[in-house]
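Just below is one structure, and these are the notes that go with it.
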Amino acid sequence: MSSSDKVCCVPGCVESGKSHKILHGFPNPDKERERFNSWVMSIGGDILGLNNKYIHKYRRVCHGHFEGKYIFYSNRISRMAVPTLNLPGPTSLPKFKSFERGPLKSIQNF
């Protein structure tokens, strides 16, 4: 497990410098493409430049980015959950040159 597995990948997350007790992995991009894309686009930032399989395997989102209606008694999240709370604004999105957009294109191809 790498150090990025232990922190939230949401840009500007106040908890991102600490180890989290509750982290949620991204949906599998091969099985839940639309939901995976929703997570990536909601979070934005540097994650937009990463490969989908890398995001799924190594990036996590802390509990603080999910509405209570998506959280179950065991601190698990619903299969419908998408991070919507405490997210960065559009200004945190990186600026890619057209030749650097490979992973972003794969996200947009449903």
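A few remarks follow.
- One residue stands out among those in segment 44-62 that are open to solvent by less than 40 Å² (accessible area, probe 1.4 Å), in a helix (DSSP H, G or I) and modelled with pLDDT under 95: the one that is nearest to R76 (Cα to Cα), which is I47.
- Selected residue (criterion: farthest from P88 (Cα to Cα)) from residues of segment 1-26 that are in a loop (DSSP other than H, G, I, E, B) and at pLDDT below 65: M1
- Verdict on I71 being over 16 Å from V40 (Cβ atoms), surrounded by 12 or more Cβ atoms within 10 Å (Cβ to Cβ), out of contact with any Gly (no Cβ under 9 Å at 6 or more places or on another chain) and modelled with pLDDT of 50 or more: yes
- The set of residues in segment 39-49 being closer than 13 Å to P29 by Cα and touching a helix residue (DSSP H, G or I) at 6+ places or on another chain (Cβ under 6 Å) consists of V40 alone.
The values are calculated or read from the model by the stated rules, or taken from the named source; none is laboratory data. Remember, predicted model here, so these are calculated numbers, not experimental data. Reconstructed Cβ throughout: ideal geometry from the backbone, glycine too, with neighbour counts over all protein chains shown. For accessibility, only protein heavy atoms count, side chains too; no ligands or nucleic acids. Shrake-Rupley method; radii C 1.70, N 1.55, O 1.52, S 1.80 Å.
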